[in-house]
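Peer 1: Once you've had a glance at the structure underneath, I'll fire off some questions.
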Amino acid sequence: MSSHDGSHKLWGGRFAGGPAPELEAVNRSIGTDLRLWPFDVRLSQAWAAALATAGVYSAEEAALVRDGLDRVAARIAAGEQPIASDEDVHTFVDRLLHLEVGGPAGRLHTGRSRNDQVATGTRMWTMDAVERVDVFVRQVQEALLLQAEAHKDALMPAYTHLQRAQPVSVAHWLLAHFWALDRDRQRLAAARRAAAVLPLGSGAIAGSAFPIPRDQLREALGFAAISQNSIDAVGDRDFIAEALFALTMLGTHCSRIAEDLILFGSSEFGFVRYGDSYSTGSSMMPQKRNPDALELARGSGARMLGDLVALVGTLKGLPSGYNKDLQEDKRALFDAVDGMVLLLPAVAGSIATLRFEIGRMREAISGAMMATDLADYLVRRSVSFRDAHGAVGRLVREAEESGVDLSALPFSSFAAAHSAFEQDVLAELTPERSLSHRDIAGGTGPNSVAAQLDAARRSLL
Ligand code: ARG
């Protein structure tokens, strides 16, 4: 295994000379995959135990290898660095194991290939990573929920086409983002389930030729099932695509939350003010209060999408089984997870430290936003919605032409627009009244929002 120059290779016996430096440079993946080491160690320990069950190792040898791998883990955790000839994390761990236990290390690779090994380690890393990301998504949800609970009685305009549409509770708007993140958490959980299928035992492509107890491996490594087909198992990276899609949607949702807050924090809106600890200044303009974290959240949704496209582009057109192209999978996966782990706490902090200018929000609700409520008023008095829409449309035009709010029109204008209008119509033009009509499940009425807050709280338990 170790050649005369001190390097340690898992292959090479069949070649007369060594690889060209240019080949080594392009082939090396340790710069990316080193972080798989805790999982490579654990799966190698489970593999040693499985080799003992299969009769390849004695119980003593398996114990020796297991303890040796513990020492390898301790060395790497203490900062031991790979050497130039360590092609990838598997080679690095194997070399250190040889240094720790000598002879028996040479039999650990019996019946396994780096093809089933890397697929297994990457699945373990993915299961762990989606759990880590999930904790951070919950923190963003918690921040949204706390703000929603604090502002359930505050009112603001809701927008369609970015035009003032109808009044809503501030909590209702905040929870809109909460539920998008709830779907992201479900997608992350599904991605975890997709990753929880054990490839180990598949060997390079045809299955291990030793009686490896795959169910013992599955149990030891926390997988839910074992793969059904060795060819599929070594070439399958669907689980990464699924994780990347979940992260892409999560990035997209962070981006949309960020855009709402960036817009609402502008002087033109003035609905929110960023906390000092989440505001940045300008090197030139002393008055600036910039939402950099939110802008980075808006921008980095593109990064996860790029990772997803890179991975699926790599998979498309590959022949079956393992191909070295697949080494690129980890770059995309790690980049997307790293991006999210960095971003989510900053999004949570940005939200938690927001100050809501509820007076400004309330003032932005104009009478015209209750136009639908006026039409509904007529409908409750047996007017068809079509006719009601027409009558209210005329009132809106009249108010616009006379430069007044809809609520400032005299009753005579209402009476002229439709005979079904009575004096009580003016009370219809308050946002509170508008909300009170919307206590339908999922609506912005006060009781609906209270129920929604309860459901959101329960979803975090
Ligand atoms: N570094 C490789 C990867 O990440 C490990 C598997 C290599 N397999 C092989 N047959 N060369 O995909």
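Peer 1: Can you compute 3J(HN,Hα) from phi for each residue in the stretch 215-225, using the Karplus curve 6.51 cos²θ - 1.76 cosθ + 1.60 with θ = phi - 60°, rounded to whole Hz and x for Gly and Pro?
Peer 2: The phi angles translate into 5, 5, 4, 4, 4, 5, 9, x, 8, 8, 8 Hz.
Peer 1: Got a sec to turn the phi values of the stretch 290-299 into Karplus ³J(HN,Hα) couplings, 6.51 cos²θ - 1.76 cosθ + 1.60 with θ = phi - 60°, whole Hz, x for Gly and Pro?
Peer 2: Coupling constants for the stretch 290-299: 9, x, 4, 4, 5, 5, 5, 5, 5, x Hz.
Peer 1: Also: Long-range amide H contacts for Val272: which residues qualify at under 5 Å (H placed 1.01 Å from N, peptide plane, sequence gap of 5 or more or a different chain)?
Peer 2: Close amide H contacts, sequence-distant or interchain: Gly265, Glu357.
Peer 1: Going by average Cβ neighbours within 10 Å, how do the peptides 339-351, 236-248 rank, with the highest at the top?
Peer 2: On the way: 339-351: 20.6, 236-248: 23.9.
Going from most to least packed, we get 236-248, 339-351.
Peer 1: What does the helix-only formula give at 222 nm for the chain: each DSSP H stretch with n ≥ 4 adding -39500 (n - 2.57), the total divided by the residues, and the result rounded to the nearest 500 deg cm²/dmol?
Peer 2: Calculated mean residue ellipticity at 222 nm is -19500 deg cm²/dmol.
Peer 1: Kindly state, to the nearest 0.05, the FRET efficiency for Ile226 paired with Val341, given R0 = 30 Å and r defined as their beta-carbon distance.
Peer 2: Working: r = 30 Å, r/R0 = 1.00.
Once the sixth-power term is evaluated, E becomes 0.50.
Peer 1: Could you order the peptides 37-43, 415-421 from most to least packed, using the average number of other C-beta atoms within 10 Å per residue?
Peer 2: Numbers: 37-43: 22.1, 415-421: 17.7.
Highest mean packing first, the order is 37-43, 415-421.
Peer 1: Say each of Asp67 and Ala310 gets a label point 7 Å from the Cα, pointing the same way as Cα to Cβ; how far apart are those two points in nm?
Peer 2: 4.3
Peer 1: Between the helical axis of 371-380 and the dominant principal axis of the chain, each derived from Cα atoms, what acute angle in degrees is found, rounded to the nearest 10?
Peer 2: Computed tilt is about 70 degrees.
Peer 1: Under a point spin-label approximation (7 Å from Cα along Cα-to-Cβ), what is the Ile205-Arg193 distance to one decimal in nm?
Peer 2: If labels sit at Ile205 and Arg193, their model points lie 3.3 nm apart.
Peer 1: Which FRET efficiency value, to the nearest 0.05, do you get for Ser58 and Asp128 by plugging their Cβ-Cβ distance into 1/(1 + (r/R0)^6) with R0 = 41 Å? Intermediate results must be reported in sequence, preceding the final value.
Peer 2: Values: r = 32 Å, r/R0 = 0.78.
Using R0 = 41 Å, I get an efficiency of 0.80.
Peer 1: What residues have an amide H closer than 5 Å to that of Gly445, excluding those fewer than 5 places away on the same chain, when H is modeled at 1.01 Å from N in the peptide plane?
Peer 2: Arg438, Asp439, Ile440
Peer 1: What is the helix-to-structure angle for 59-77, meaning the angle in degrees between its Cα long axis and the longest Cα principal axis of the chain, kept from 0 to 90 and rounded to the nearest 10?
Peer 2: Around 50 degrees separate the two axes.
Peer 1: Would you mind putting 100-113, 215-228, 162-175 in packing order, based on average other-beta-carbon counts within 10 Å, highest first?
Peer 2: On the way: 100-113: 18.1, 215-228: 16.3, 162-175: 20.9.
Result, highest mean first: 162-175, 100-113, 215-228.
Peer 1: What is the angle, in °, between the Cα long axis of helix 37-53 and the longest principal axis of the Cα atoms in the chain? Nearest 10 is fine, range 0 to 90.
Peer 2: The angle comes out near 50 degrees.
Peer 1: Just to be sure I understand: of the beta bridges DSSP finds with both ends in the stretch 96-244, what percent are antiparallel, rounded to 5? The partial results should precede the final answer.
Peer 2: Numbers: 6 of 8 bridges.
Percentage antiparallel, nearest 5: 75.
Peer 1: Then there's this: Can you work out the FRET efficiency for the pair Val26 and Ser277, with r the C-beta to C-beta distance and R0 = 51 Å, to the nearest 0.05? The partial results should precede the final answer.
Peer 2: Details: r = 44 Å, r/R0 = 0.87.
The value I calculate is 0.70.
Peer 1: If you don't mind, there's one more thing I want to ask. Once you keep just the Cα pairs under 8 angstrom separated by 6 or more residues, what percentage relative contact order results for the stretch 295-444? Let's see the in-between values first.
Peer 2: Working: 93 pairs, mean separation 27.9, N = 150.
Dividing the mean separation by the residue count of the stretch 295-444 yields 19 percent.
Peer 1: Contour minus end-to-end for Ala176 and Lys288, with contour as 0.36 nm per residue of separation and end-to-end as the Cα-Cα distance? Could you put the intermediate results ahead of the total?
Peer 2: Values: separation 112, 0.36 × 112 = 40.32 nm, distance 2.92 nm.
Full extension of this stretch gives 37.4 nm more.
Peer 1: To continue, here is another question. What is the local net charge at Ser266, summed over the other residues whose Cβ is closer than 13 Å to its Cβ (Lys, Arg +1; Asp, Glu -1)? All intermediate terms of the calculation are to be shown ahead of the outcome.
Peer 2: Numbers: positive: Arg273, Lys288, Arg289, Arg360; negative: Glu259, Asp260, Glu268, Glu295, Glu357.
Taking every Cβ under 13 Å from that of Ser266, the sum is -1.
Peer 1: Taking amide H positions as placed in the peptide plane 1.01 Å from N, state which residues far from Ile226 in sequence (5 or more) or on other chains have amide H under 5 Å from it.
Peer 2: Leu198
Peer 1: Give me the extension gain from Leu426 to Arg183: residue separation times 0.36 nm, minus the current Cα-Cα distance, reported in nm with one decimal. Intermediate values should be presented prior to the final figure.
Peer 2: Values: separation 243, 0.36 × 243 = 87.48 nm, distance 4.11 nm.
Between Leu426 and Arg183, full extension yields 83.4 nm more.
No value in this document is a laboratory result; all are computed from the given coordinates. Here the structure is a predicted model, which means the values were calculated and not measured. Reconstructed Cβ throughout: ideal geometry from the backbone, glycine too, with neighbour counts over all protein chains shown.
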